[in-house]
Structure formats: structure tokens, C-alpha cells
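The values are calculated or read from the model by the stated rules, or taken from the named source; none is laboratory data. Everything numeric in this text was worked out from a predicted model, so none of it was measured. Cβ sites come from the backbone with ideal geometry, for glycine too, and all protein chains shown count toward neighbours. With ligands, DNA and RNA removed, areas are computed over all heavy atoms of the protein, side chains included. Shrake-Rupley method; radii C 1.70, N 1.55, O 1.52, S 1.80 Å.
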Amino acid sequence: MPTEANAIIVAAQPEATEAGARVLMRGGNAVDAAMAAALVQGVVDPQMCGIAGFGSCHLYLPDKGVHTCIDFHGQTPLAATPSMWANRIEGETRDGFGFILEGRVNDCGYEAITTPGSLLAYHEAVTEFGSWDWADVCAPAIAQADKGFVVRPHVDFWWRQGAIHGRVGVTERLGFSKTGRDIYFRPDGALKGLGDHVVNPDMARTLRRIAKGGAEIFYRGEIADAIDADMARHGGLMRKKDLENYRTVRADPLWTTYRGRRIASNRPPGGGVQLLEMLNILEHFDLDAIGHNTTEYIRIVAEAMKQATVDKDAHVGDPAFVDVPLDRLLGQAHAAAQAERIRRAEKASVPRYQGGMAEPKDTTHVVVRDARGNIVTMTHSLGMPSGVITDGLGFMYNGCMGVFDPRPGRAGSIAPGKSRFSSLCPSIVFEGDEPRIALGAPGGTQIAMGVLQTLLNMLDFGMSPMEAVAAPRFSATSDVIDITNRIPGYAVEPLEADGYTVQRSPLTFAFAAPHAIDFHPGQPLRGGADPSHDGAVLQVRQP
């Protein structure tokens, strides 16, 4: 760590972390660094995120008097209807975050795309809260796109996944478009792998146009025209009118307290309500005395996860379409009642429609604190990437129609212009009025579960950020408790004897990929990047 480092960035890709660190060293603020890193992430991890994706950005900017969240979830195209896929259901993912339809029309291809919000959110953040010009923030991503990237272990790992429990396989997504076939495959037709070089000149050209024209060119200008023409040719639901109508949503964060700290997270359709509900329940238990990842600890935390999942499935959706009972879900009476059920050893049940399918985890994260105390923590994603790349544009579109419930009349059902719940929950922990921890995670519906355990590791067990993100995790977003392979059998065998179903993952690190930083008076800045995602922590000196 550099002497007297006063700024820190953590991201899930080393190229993105370095890009953000260079911005900080040249005097850019946390917003400049985070958005520069995010744009680079879309170049070097192009199925995890990108300008045609969605996400949630949590900003704490004391020098501007700002504490807000920018929500930029994908929105259902205006051509969509609530019952358009109701007779095509084959199953629901086991974790409850997506549906398998006949023909996989919601999963891969032009009908899978929702109206993206990522580029607009990046641009708004920089132009309203950054200190650099937009073109300068775009420059690192343009340089990276010109140079290309080398396939890293996590990229290679994700590319090698086959068809996951009924979903379209990754190779099919990568080869869906001409651009994908040209840049992601070798001349002999084999998919590129670890150490191979990927160059996407169309991406570089598009980023240059965006650097000059801002978000306007994408949502109303010539790029919007190219998108519209491609969608019209191939039966896509999204059209230029959707892009023109898209708006981000600003909101104050949700709050709760835990062990004397104040926790701020995002509002629905993000996952902050689920995270805070679980913390409220777990504050009723002395987790430190119970012991980290002991049998009783796993049971208690897993039941809190299940209870929050049941509430999420029943009540949480886009607040523009669904009346989300936040006061009740985050109320202390509700938490106390749920905690009492856990004490009585009741087992919550999470109903699923024809369950048994797992969801891929295609998202990324960046978190930054600058020398002035400004903080940005942002999770952004393509969801399940659609595979679609418009000729000449270079970027892949999100595939977020796959997470909508094709059954009408539910919190997550399809409606024109609607966003679906996601587990994204970029969060900040305060002691009094001073921020002390900022974190978030990629990982599909497991995000809130990974962020929860990272917070418990730091707040209840005193772990450093790196220890906290690397500790073995588990998850319960169905009636199954999923565990990583580093949790010993003797910790879960009593649960199985008590009637729980426990599924052991073959992965060393699983159930989201948290990234966290902490900063306490008189102590060095510290960060932790989940070891499964190739990420990095860089502490630097700002002028």
C-alpha cells in the first residue's frame, strides 16, 4: 500500500480497478473513478455488465451534501403484455429468480431484452456529481477496447458453463450474433479460452461515439436508430420509443440499525429491503456467542434468509406498479415475530413453481472511496445476457425478461415499462453520522445473501474486509440450504438429521461475490475482493 494512501477502489476485474485508481491518482473524485471503472468492466467482462445493462448505484458525497441511490433497472418494453408468455411456462429457477419458457424466448435472443439503463446512469452520475468531463471518464474504456483483453480465469470459467438446468448454454449466447462469433471464437470454431486475446473494434468505435455524444446518442440519436432498426428486423420487443422514454429513478436510501450501527441500502426494485429485513431478524440473536458457521448459526441465518425470500416473493416489486409494504417488512414487530419462529425451530417454506433449476450469476461490482470521503458503491449487470449484439455496435444487450413472472397478477409479473425485483443491494454502514464500511456484490438472487454474510462477518466477528469476503458462505433462497464445499460436514449433518435438505456446491467460493472496503479513524484503508472473480484492491494517494 502506498505511504499515506487516502483513497481506495475495489472491483471485480484488475483492469477496471487500475483504471479507477489512475483516475483517483489524477485527482478525479469517487464518481469519476467508479464510472471509469464501470465502463472498463463492460469491455473486459462483457457478459457480466455493459452499457446495455441495468443496476443500482449508491452515492454518499459529503462535499456535495448528497446521499442518494440511482436506480437503473431494465424496464419491460412497451410492447410487452402481462399474459404474453403465460402458456409457455416450463419451470422456475430453484432460487426463485427466473422462469424457463418453451423456446427460451425470455432467455436468449431479441425478445429477452429489456430497455437498458446503465449508460444513462453512468452519464448522469458523471455530469451531475463527477469532477471530470464525460469524455475523459470514457477514455480508459476506449483505450482498453482498442487494446482488447486477455481471457481471465473467471471469464473462462463463465464461458465454459453449459446449459444450466434448462437455460440456454453460454456458448450459444456467445455465438448468437455475428460479432460474437467473430470475436469470441477461434478460426477453427472453438471458443476462446484462458489467455486468449479478445479485441472488439466495434465496441471501441461505439465508445468513441458515446464519449462525444453522451447518453443522448444512445437513447435518442443515431445509436438509438441503429438499435431500433435491428430490433424491428428481428422481432425484438424493445424499440426506440422505449429508449426515449427511459428514465433513471432517484431515491433516498432505506435505513435500519444493527448492533448500534446505521445501515443504508437501496429501495425496491433493488434488494436492500431483503438485506435490511434479515439484519433486523438476526439482531435478536447473539451470533458471536453462537459461533461462525456452526450448526445453529447456519440454521438461524438460513431461516432468516428463507423468511425474507418469502416476503420478497409475495410483496416486493417495482414500486411504480406494486404497493410494497416497507414499513411492515422493516418493522421491529415483524422482525421479532420472525425471530420467535426461528427460536421455536419452525421451518419456513419457500414455494416454487416446478422447482429444481438454478440461476446463472452474471453481474459485477465496483466500490470507491476518495480522499474527501466521497463513496460510490455500484452493482451493475446484464442479468442473463441475451446474446444479441447489433452489427457494428459491439456491445451485448441484457436478457432481463427472463426474471419476470409470466403469470399475471403477481408482484413480479410482466407489465409495460415495469422493472423486476433484483437482489442488487449496494450498501453503506455508518457509526453515527460517519460511514465506516461500503460494499456490494454480484451474484444473481444470492447477492443479498452474500452481502448479509459479509456484514455479519465484519460486524459480529470482527473480520477484515478480505477475511469477510473470503469466508465460506451458504444460502437458503428455497427449501434447500446450499453450502460451499469448505463448510465441514459435521456442521451440516445435524441439520440433515433434523429434516433439512443440504446441497453442497462443488465450488470453493459461491453464493455471490462480495466486494467491500472499510475506513476507520487512525487505521489504514482496507478492502476485500472476492477471490472467485479475479478482482483487486488498490489503495492510492490522491493529490
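For the reader, a short list of remarks on this structure follows.
- For the range 445-543, the per residue solvent-accessible surface stands at 34 Å², with DNA, RNA and ligands left out and a 1.4 Å probe.
- Candidate aspartates and glutamates for bridging to Lys347, where Cα separation is under 14 Å - those fewer than 8 sequence places away on the same chain excluded: Glu296, Glu303, Asp479, Glu496, Asp498
- Integer Hz, Karplus 6.51/-1.76/1.60 couplings in order for the range 426-436, x for Gly and Pro: x, 9, 9, 9, 10, 10, x, 9, 9, x, 10
- Exceeding the 28 Å Cα-Cα cut-off - candidates Lys306/Lys418; Lys64/Lys241; Lys192/Lys241; Lys147/Lys418: Lys64/Lys241; Lys192/Lys241; Lys147/Lys418
- Listed residue (Gly103, Ser419, Val249) projecting farthest to the positive dipole end of the chain, Cβ model: Gly103
- Cα centroid separation - the range 292-357 against the range 425-463, whole Å: 18 Å
- Database remark: amide H of Leu101 closer than 5 angstrom to the amide H of Glu90, Asn106 (H placed geometrically; neighbours at sequence offset of 5 or more, or on other chains; Pro and chain starts carry no H).
- Taking amide H positions as modeled 1.01 Å from N, with prolines and chain starts lacking one, the residues under 5 Å from Phe185 and 5 or more places away or on another chain are Lys192.
- Helical segments meeting 24 Å axial Cα length and Kyte-Doolittle -0.5 threshold in the chain (DSSP H): 295-315
- Other residues within the sphere of radius under 12 Å centred on the Cβ of Ser464, judged by their own Cβ, net out at -1 (K and R +1, D and E -1).
- Protein heavy-atom accessible surface, 1.4 Å probe, per residue over the range 26-101: 23 Å².
- Rounded accessible area of Arg299 (nearest 10 Å², 1.4 Å probe): 30 Å²
- For Ile389, residues with placed amide H under 5 Å, excluding near neighbours: Ser177
- Per-residue HN-Hα couplings for the range 529-534 [Karplus 6.51, -1.76, 1.60; θ = phi - 60°; Hz; x = Gly/Pro]: 10, 3, x, 7, 10, 6
- Rounded percent of accessible protein surface that carbon and sulfur make up, the chain, 1.4 Å probe: 50 percent
- Karplus-derived HN-Hα couplings along the range 378-383 (A = 6.51, B = -1.76, C = 1.60, θ = phi - 60°), whole Hz, x at Gly and Pro: 9, 10, 9, 7, 10, x
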